[in-house]
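K.L.:
Following this message is one structure expressed as structure tokens.
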Amino acid sequence: MKVLMFGWEFPPHISGGLGTACYGLSKGLLYNGVEVLFVVPRMYGDEDGESIRLIDASDVLLDVNEVKYHEVWRKLTVIGVHSILVPYMSPEEFRRASTFASLEKTDIENSVFKTKFQFSGKYGHDLFKEVARYAVVAAKIAASNEFDVIHAHDWLTYPAAIAAREVSGKPFIAHVHATEFDRSGEHVNQDIYDMERQGMQAADKIIAVSRLTRNIIITRYGIHPDKVKVVHNAVMPMTQQHKRPERYFPEKLVTFLGRVTFQKGPDYFVEAAYKVLKKDKNVRFVMAGTGDMLPKIIRRVAQLRIGSRFHFSGFLNAREVDHVFGLSDVYVMPSVSEPFGISPLEAIRSNVPVIISKQSGVAEILRHALTVDFWDVDDIADKIYGLLHYQGISKMFIHHGKDEVENLKWDDAAWKVKNVYEEVVQRKNSIAFQS
Amino acid sequence: MRSICFYFQVHQPVRLRRYRFFEIGKNHQYYDDHANRTIMQKVAAKGYLPTNQMLLDLIREYGQQFKVSFSVTGTALVQMEKYSPQTLESFQKLAATGCVEFLGETYAHSLCSLRSKDEFVNQVGLHREKIREHFGQDPTVFRNTELIYSDDISEMVEEMGFKAQLTEGAKQILGWKSPNYLYCSARRPKLKLLLKNYRLSDDIAFRFSNRDWPDWPLTSEKFVGWLNQLPPEEEIVNLFMDYETFGEHQWAETGIFDFMRHLPKALFSNSTYKFLTPSEAVDSFNPVGPIHVPFPISWADEERDLTAWLGNDLQDDAFDSLYRLETLIRNTGDKNLLKDWEYLQTSDHFYYMCTKFFSDGDVHKYFNPYDTPYEAFINYMNVLSDFTLRLEKTVSLPLEIKVQPKKAVVKKKSVKTVKSKTINGAEPVVRKK
């Protein structure tokens, strides 16, 4: 079995949940004996090269130290396509960011508004054109490679997968990590919605990251329930146990980590923080991440006069994320809509008890976590206070949560994905045989 | 006798470096030494040094006829000592001529006059020491940070022994009155007021190089012509401006130095005006009336109020968080903490958090090292959090150990004595704690 995968972000440049999921899943597939041809838009390293580049696997790949994967890693080929596509970006943001990039010399390196997208070079400002261009390249790749099944992650890559299917005649699996409804609430971008739906309709099978997402796919996109399968995400084991970093302030720390956007519910975190601080001054809060709501959040923090206890760290890289988890006593994910949500798993892995929104996919599989309605700030505040003050519950969460998370393995998730592959390939073959 | 009075403000804040959340409690170095050094040296080379030399030449040429005054903040002096000693020397040379007056202000260019009398008195005292140390003068005229003034402030300034204060000739306090007279505080008439003529001052400080301005180019002769058009009974024209006007806000290429160099000559040959220092002006004229200022004014922006530094939530949260620490500060003797406490009060930090982008955005942008007010706020609060932790640590430790056992003993005794007295039938004694 060999899969042509249109994925996102391969190491060493991983910045978000989607990249982490693609990486973990590929590793798991390799472990299950699936060969992976991984196509990824890359704006790093090959800026002046040709548009398609075969990346030396040893260059970017798996931890060679991991003996388990040592045998299988040569079954993976990574193809970097020179493109500035990045996940989680609206057409407006894309235009702004790419315009920004063409201005010479900007000093955003040191800013809390620094994003993970640092464009360089000259690009068009139309996201949809870039998606179409990517599909053309994808067709080229599909024509010159052998594989059994096509697997694409989220809407930006659906046109590429459809093009690859046209060229090769192989079945296509759409993997839905987030929908436009998660990103924008009820104010969906019609163009994006249309592309998502086209992709889902064209797909032979759809994988959703949670039951929550599966429901959205069925009710909002009108897809037949039989076509949609749930495979929950997993978490990669820590390669080494980090020592808990030393904390230089006496207060406890409550953390929000994620894009500061409507979807993630940062405003509810602020209101809850205010309520906790009214009761207990010996707590600090940190909001790690950036996004379009950040200015509004900062203004609200100042308005509530809690700026001396509520901090902003800006966007964090992987090492800094580990660091901030190491400092934290509670992690809160008050997402308004979260198809899955890998970061609570990472928090638990770092021995941090978590409070997660009921409106999240991860709530379907985590038992040792407190769940809240994102809008219920009293409840969130209550639970933060409880985890900070009642050792019994926080200790139990740390203890059992870790076991729970360690059992969520990508190898198992990938096995389910592999079953989906086999199913669609078989069906395709039998149809071909019949006709 | 008609006169003009020049006063130049010399100020550099001690700028903060990018201080991250992760450093709170761990790293106590807050300042961007590199930026502070480069900016001081750049401004010295482009502005302070050549302008000081020009003024010195003019004083030598015209003797006692040419006079100016300065207010130099403590934070600027500290940075001159460190990064540009020759600038300090050149100011000292000017001080030695006897034609240059140095004014009093807060040490750290702070906004404390709006919040705390104790801190205000403290900072003015620190500044006085610094001026005495470097220039051998004892300031008798006061200028508050950004010319901020109100009736309340005038009380404190008068009590500190100053005979006059400089402030803005703001429309909202003057109404139909002219700024070109000596006035006095309504509440403390002993305190005289010199009001900035903002039109003529800003012609030099802001509009000088503006080619869209109908009066461009401004020559010394044209300026003297305007002075001559003022009603003859008006006594004094106060030209107050940032010293960075020369060479920094207005580059040398605009002709600002030539303008200033020729101004005395043009003035002496075509008019009856004289140069006076602020304290000479106060001694030469009688106040024509009191000025009521119930709400603080300043020289900033179109509104001439405090909204450049205070009023939005970012600024108010930061300001409140800072001055909440004052009682703790009074109990610490730690020199480093006191130094940081001063530097953190500098008004510039609050100016960076200003969100008035649209009306005076250009000026604000020019002076702002941060991309947005939000970043300024985040950075300042991170630094302040670390500072607060240090302060709490040093102050709380000795207090707990020393004070508590003593108190307990005293309490017991006093209870006993009271009891015994009432038992004996004597009059119950009400004791003060």
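Read-outs throughout are calculated quantities, based only on the coordinates presented, and are distinct from any laboratory measurement. Just so you know, these numbers come straight off a predicted model, no measurement behind them. As a convention, Cβ positions derive from the backbone with ideal geometry for all residues, glycine included, and neighbour counts pool all protein chains shown.
K.L.:
For chain B, what are the per-bin percents of Cα-Cα distances with bins 20 Å wide, up to the bin holding the maximum?
P.N.:
P(r) for chain B, in whole percents per bin: 23, 53, 17, 6, 1.
K.L.:
For the residues A:Trp155, B:Trp213, what sequence is obtained by ranking on other C-beta atoms within 10 Å, fewest first?
P.N.:
Ordered from fewest to most neighbouring Cβ atoms within 10 Å, A:Trp155, B:Trp213 come out as B:Trp213, A:Trp155.
K.L.:
Write down Rg/Rh for the range B:89-141, rounded to two decimals, with Rg from the C-alpha atoms and Rh from the Kirkwood relation over Cα pairs.
P.N.:
1.05
K.L.:
For A:Ser90 and A:Arg367, calculate 0.36 nm times their separation in residues minus their Cα-Cα distance, and state this gained length in nm to one decimal.
P.N.:
The A:Ser90-A:Arg367 span can extend by a further 96.3 nm.
K.L.:
With the Cα gyration tensor of the range B:232-299 in hand, give its eigenvalues times 5 under a square root as the equivalent ellipsoid semi-axes, listed largest first in whole angstrom.
P.N.:
Result for the range B:232-299: semi-axes of 28, 21, 9 Å.
K.L.:
What's the Kirkwood radius of the range B:138-263 in Å, using all Cα pairs?
P.N.:
16.0 Å
K.L.:
Where does helix B:313-323 land angle-wise versus the long Cα axis of chain B, in degrees 0 to 90, nearest 10?
P.N.:
The two axes meet at around 60 degrees.
K.L.:
What dipole magnitude, in Debye to the nearest 20, does the range A:270-418 give about its Cα centre under +1 on Lys/Arg Cβ and -1 on Asp/Glu Cβ?
P.N.:
540 debye
K.L.:
Across the range A:412-424, in residue order, what do the Karplus-derived ³J(HN,Hα) couplings come to in whole Hz, using 6.51 cos²θ - 1.76 cosθ + 1.60 with θ = phi - 60° and x for Gly and Pro?
P.N.:
Once θ is set to phi - 60°, the couplings for the range A:412-424 become 6, 4, 5, 4, 5, 5, 4, 4, 4, 4, 4, 4, 5 Hz.
K.L.:
Provide, for q = 0.09 Å⁻¹, the log10 of I(q)/I(0) from a solvent-free Debye sum over equal Cα point scatterers in the protein assembly as shown.
P.N.:
-0.96
K.L.:
Kindly flag which residue pairs out of A:Lys75/A:Lys229; B:Lys93/B:Lys130; B:Lys82/B:Lys393; A:Lys264/A:Lys395; B:Lys192/B:Lys274 have an alpha-carbon separation exceeding 24 Å in this structure.
P.N.:
Violating the 24 Å Cα-Cα cut-off are A:Lys75/A:Lys229; B:Lys82/B:Lys393; A:Lys264/A:Lys395.
K.L.:
Need one number: convex hull volume per residue for the range A:226-312, Cα atoms only, in Å³.
P.N.:
153 Å³
K.L.:
Can you give the mean number of other chain Cβ atoms that lie within 10 Å of the Cβ atoms in peptide B:370-379?
P.N.:
Per residue, the average neighbour count from other chains is 6.
K.L.:
Based on the Cα atoms of the range A:378-435, what semi-axes does the equivalent ellipsoid have, where each is the square root of 5 times one gyration tensor eigenvalue, given in whole Å with the largest first?
P.N.:
Semi-axis lengths for the range A:378-435 are 48, 14, 5 Å.
K.L.:
How would B:Ser84, A:Ser328 line up from fewest to most surrounding beta-carbon atoms within 10 angstrom?
P.N.:
Ranking B:Ser84, A:Ser328 by Cβ neighbours within 10 Å, fewest first, gives B:Ser84, A:Ser328.
K.L.:
Just grab the label-to-label distance for B:Arg324 and B:Asn270, each label 7 Å out from Cα along the Cβ direction, in nm (one decimal).
P.N.:
Label at B:Arg324, label at B:Asn270, 5.8 nm between them.
K.L.:
If every alpha-carbon in the range A:159-317 counts as one equal scatterer, what log10 I(q)/I(0) does Debye give at q = 0.10, 0.14, 0.15, 0.20 1/Å?
P.N.:
Each listed q maps to, in turn, -0.57, -0.89, -0.94, -1.19.
K.L.:
Here is a follow-up. Which value, in debye to the nearest 20, describes the size of the charge dipole of the protein assembly as shown about its Cα centre when Lys and Arg Cβ atoms bear +1, Asp and Glu Cβ atoms bear -1, and nothing else is charged?
P.N.:
Dipole magnitude for the protein assembly as shown comes out near 3120 debye.
K.L.:
Can you sort B:Met80, A:Met396, A:Met1, A:Met195 so the residue with the fewest Cβ neighbours within 10 Å comes first?
P.N.:
A:Met396, A:Met1, A:Met195, B:Met80
K.L.:
So, one more: 7 Å from Cα along Cα→Cβ at both A:Met238 and B:Arg199: what's the point-to-point distance in nm?
P.N.:
Spacing of the two 7 Å Cα→Cβ label points: 7.2 nm.
K.L.:
Considering chain B as a Gaussian network with a 10 Å cut-off on Cα pairs, which listed residue, B:Thr245, B:Thr272, B:Thr219, attains the greatest mean-square fluctuation?
P.N.:
B:Thr272
K.L.:
When the convex hull of the Cα atoms of the range B:2-64 is projected onto a plane and the area is averaged over all directions, what value comes out in nm²?
P.N.:
If you wrap the Cα atoms of the range B:2-64 in a convex hull and average its projections, you get 6.9 nm².
K.L.:
Round to a whole angstrom and tell me the spacing of the C-alpha centers of the range A:251-280 and the range B:252-306.
P.N.:
52 Å
K.L.:
Which value, in debye to the nearest 20, describes the size of the charge dipole of the range B:75-177 about its Cα centre when Lys and Arg Cβ atoms bear +1, Asp and Glu Cβ atoms bear -1, and nothing else is charged?
P.N.:
280 debye
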